[in-house]
Every structure is written in structure tokens, then in C-alpha cells.
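Undergrad: Have a look at this one before I ask anything.
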Amino acid sequence: MSSIVVEGGIPLQGTIGVLGAKNAVLKEMISALLAPGRHRLTNVPDIVDVEMMCQVLEHTGCKVSQGEHELWVVVPQDLNPEAPIELVRQMRASIVVLGPLLARVGVARVALPGGDDLGPRGIDMHIKGLEALGAEFELVHGELVGRIDGRLKGAEVELAFPSVGATENLLFAGVLAEGVTTIVNAAREPEIEDLIAQLIAMGADITGGGTSLVTIRGVDQLQPVEHQVVPDRLEAGTYAIAGAISGGDVTVTGCMPDHLRMELRKLEEAGCGVERGEGWLRVKGPDRPSAVDFATLPFPGFHTDMQPQMVALLSVAEGTSVVTENLYDSRFKYVGELARMGADVTTESQHAIVRGVSRLSGCPVVAPDIRAGAALVLAGLKADGVTQVHDAEHIDRGYEDFDGRLRSLGARIERS
């Protein structure tokens, strides 16, 4: 177990670039399963989740090699249609191998997913959607086993909620299905748009990316491609809030500010100076932020994975903020750790009441997941004294060299 130790009170200054999106690259690695041959991804972050997804692909029979921020996947003609429990339990994204394996092999065996413990995140929509295309499922010794008779058949699938994972699984299944598949109430996230762009480059026939109605006309086969991963809006947003909470002046490059419209708007409401241009954004932190209310929602709403970082900022704001978490039941698990630092946050059901305090105090805390771990480090940037964030390996799942990159902005921070 590793820790990140940060000394507060230093306003961050400077410019920092972001890499490819964790929530895009993992699925774009999986999409390679749809086409035998050699695929190449660029702008790939060096994070633990990418390493784990490499292991998932290798278990199916692929050969994976990595360079500096690039990755090659050589997909065989014959795949092992299985994602084992020791890998899937660590990374929920693995569940979207169901679609490609069913489409390519006609069978898929996938352990029920794990990943960050953010409360119940069922896969019912994945299963019902794939069943509409002709798949049959059964649970066998903790494995979800899916089978199809012949070829998947296109169908109209209406999602009860714009689930990113279910949308991805239906995209993967539909591109090689017979006929037309329509996803109603599809997820609209930028990472979905980027995945669709990759699939179209592979030869898929998809329209409606970025809207809630996506139409897929199945094709007989796809081919390998080279694809650049879309910038990580969550990494960009985290560094923006790092600048804000420290009272600093941080410019983030290699990003797409339009992917952070709501988050940047809320930073402006909190009193931050925000500038944006093509491929960059700049945030200047106020002496003390103002209270802001917000609710997490699917894109283009406020991203749930930016909620902990924003709560860290609001914990030192002037006034009381109300935060509503609409996606994950257990997203507020980190609040007790933030309270150890002196924050005044109370939770009830999906709401958090954040009463801003004038100062935080550094102390040992524990990171419960990726984004909460990052938020605790950000709180440490503002706190008096030294904050030690334990279980920092959670942070490594979604951020490349998080402490080193904050250090490049002037933070007094180290790994222990």
C-alpha cells in the first residue's frame, strides 16, 4: 500500500497537459476484439486500469504491447471467450467484453463485475439489451454465461437510463449484428462519441453519436485501425480544481473545454476566474470560493466523477452548498475522511450539505476510490500542515503520476 503526502498552503502555478481518457481507452481496447489483426491506440495514459485491461485482452488470446502513451493489440481469429473473476472483480469496465465476444464467438463467459465500491450498479440493462438482440444468459458458478444461436439480430432497445456501459455493449453487439439496431435513450458522453468514431473507422455503420438516438446498421466484418484517444475531461477537471482550491493559477492543455461545460460553469459561480480556448482552459482560484449548489447528471450534466473534487473545494467555501448525487448510492463514502480534516459535511440519502469552513487541517486519511482519493489530495493542497492519503494505489487507476504532475505545478507532494 502506498501513500501520497502533501503539504498544504502552496498556490499551484503553471501549465499541465492531459492524456487520453480512462473511460474511453478501456472500451477502445475492448473494441479491438471485433476485428482480427493489429490495432494501434495513441494518447494512452499510463494507468493501472490500462494494465489490467491488457491482461483481460491477453486472456482472450490477444497479444498486447505498450510504448510511451501508445498501445498495440494483435487480435487472433479465434478468441477465448472468457474474462476471469480475478481481473473483472478489480475493474467494472470488463463487463463490456460481453458484446464483442458474443458478436465474434457466439459465447461469452464473464465474472460479475467489481471495481470501485460506489454502491449497486446492476448490469440488468446490459443483459436485457443483449437479450433483445438474441442472446441468452445464465449464471453459472458466479459467471455470467451468454450465448447466441447463429448471429445477433438487430432490434430497437430503449434504455431505462442513459447507461454508458449498456450503450457500449449494445454498440459492440450491434455493429456485427444482422439488420438495424436502434438505441433509444443512449448515453451521450464524449467518450461514447469517441468510441463511435473509432468503430466507424473500423468499418461500422453508425449514426446519431452524441445524441440520445443511435442507429447501427450491422456489417459483416470490421478491420483494425489506428485511433487517438479523446482527452480525459476528468483529469483536466481535477487539475482545474487543484488550481482553484489552492488559490493558484493553472492552465490545462490538450483538453476539450466543451466536455466540461457544467463543471467550469460551477467553478465560475464559485468565484474562480475561468478562461477557455481551443484545446486549453485556465483557472484562477479566488481567495475563498463561494458556495454553489449542483447535482450530478449524465452528460452534459455535472459528472459524478467530478463530485468529490468539487466537494473538496466547497468545503472551504464561504456559505453552505447543497450537492445532490443522482448516480451512485455510495459516492459520499469519502465524506468521513474529509471531516477528519475539519470539513463540515453531512449527508442524507443522495444529498450532502457542505458548510464551508475557513481552514482545513492536514491529517492521515484513506482513499476509498479513484476520484475520492484525488479529492483528498486536493483538500491536502489547501489544508494547514501535512496530509497523508493512504491507499493511493486507487488514484493510480485513473491518473498517471498524479503526485509528480502536481509537483510540476509547485505542490509540495511526494509518494511514500
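We did not get these values from a lab; they are worked out from the coordinates using the rules stated. Note that the structure is predicted; figures quoted are calculated from it, not measured. Neighbour counts run over all protein chains shown; Cβ positions are idealised from the backbone, glycine included.
Undergrad: Ranking Leu313, Leu409, Leu213, Leu376 by Cβ neighbours within 10 Å, fewest first, what do you get?
TA: Ranking Leu313, Leu409, Leu213, Leu376 by Cβ neighbours within 10 Å, fewest first, gives Leu213, Leu409, Leu313, Leu376.
Undergrad: Under 14 Å from a point 7 Å along the Cα-to-Cβ line of Lys128: which residues of segment 183-201 have their amide N that close?
TA: What the label zone holds, given the 14 Å backbone N cut-off, is 184-186.
Undergrad: Rank Met53, Val110, Gly17 by how far each Cα sits towards the positive end of the charge dipole of the chain (+1 on Lys, Arg Cβ; -1 on Asp, Glu Cβ) and give me just the farthest.
TA: Gly17
Undergrad: Hey, another quick one. (1) 84, 60, 43; (2) 64, 43, 42; (3) 55, 52, 48: which one is Cα extents along the principal axes in Å as calculated from this entry?
TA: Checked against the structure: label (2).
Undergrad: What full-extension length gain, to one decimal in nm, is calculated for Ile200 and Val219 as 0.36 nm per residue of separation minus the Cα-Cα distance?
TA: That pair, Ile200 and Val219, stretches by 5.7 nm at full extension.
Undergrad: What does DSSP give for segment 22-228 in terms of the percent of beta bridges that are antiparallel, rounded to the nearest 5?
TA: Just about 75 percent of them are antiparallel.
Undergrad: Sort 40-52, 267-279 for me by packing, meaning the mean count of neighbouring Cβ atoms within 10 Å per residue, highest on top. If you can, show how the numbers build up before the last one.
TA: Details: 40-52: 19.3, 267-279: 16.3.
Sorting 40-52, 267-279 by mean packing, highest first, produces 40-52, 267-279.
Undergrad: Report the convex hull volume per residue for segment 22-228, counting only C-alpha atoms, in Å³.
TA: Taking the convex hull of the Cα positions in segment 22-228, it is 102 Å³ per residue.
Undergrad: Calculate the radius of gyration of the Cα atoms of segment 272-352 to one decimal place, then report Dmax, the largest Cα-Cα distance, as a whole number, both in Å.
TA: Reported Rg and Dmax, both Å: 13.6, 40.
Undergrad: Report Rg(Cα)/(2.2 N^0.38 Å) for segment 150-265, keeping two decimals. Intermediate values should be presented prior to the final figure.
TA: Working: Rg = 17.2 Å, N = 116, 2.2 N^0.38 = 13.4 Å.
Cα Rg divided by the expected 2.2 N^0.38 Å: 1.29.
Undergrad: What ranking of Lys266, Lys382 emerges when the number of other C-beta atoms within 10 Å of each C-beta is taken as an exposure proxy, fewest first?
TA: Neighbour counts put them in this order, fewest first: Lys266, Lys382.
Undergrad: Using the number of other C-beta atoms within 10 angstrom as an exposure proxy, rank Val292, Val323 with the fewest first.
TA: Val292, Val323
Undergrad: I'd like the distance between the alpha-carbon centres of segment 380-405 and segment 136-160, rounded to an integer number of Å.
TA: Cα centres, segment 380-405 to segment 136-160: 40 Å.
Undergrad: Still on this structure: Give, in nm to one decimal, the length gained when the segment between Ser290 and Glu51 is fully stretched (0.36 nm per residue of separation minus the Cα-Cα distance).
TA: 82.1 nm
Undergrad: Right, something else. Take peptides 340-353, 168-181 and line them up by average Cβ neighbours within 10 Å, highest first, as a rough protection proxy.
TA: Highest-to-lowest ranking by the protection proxy: 168-181, 340-353.
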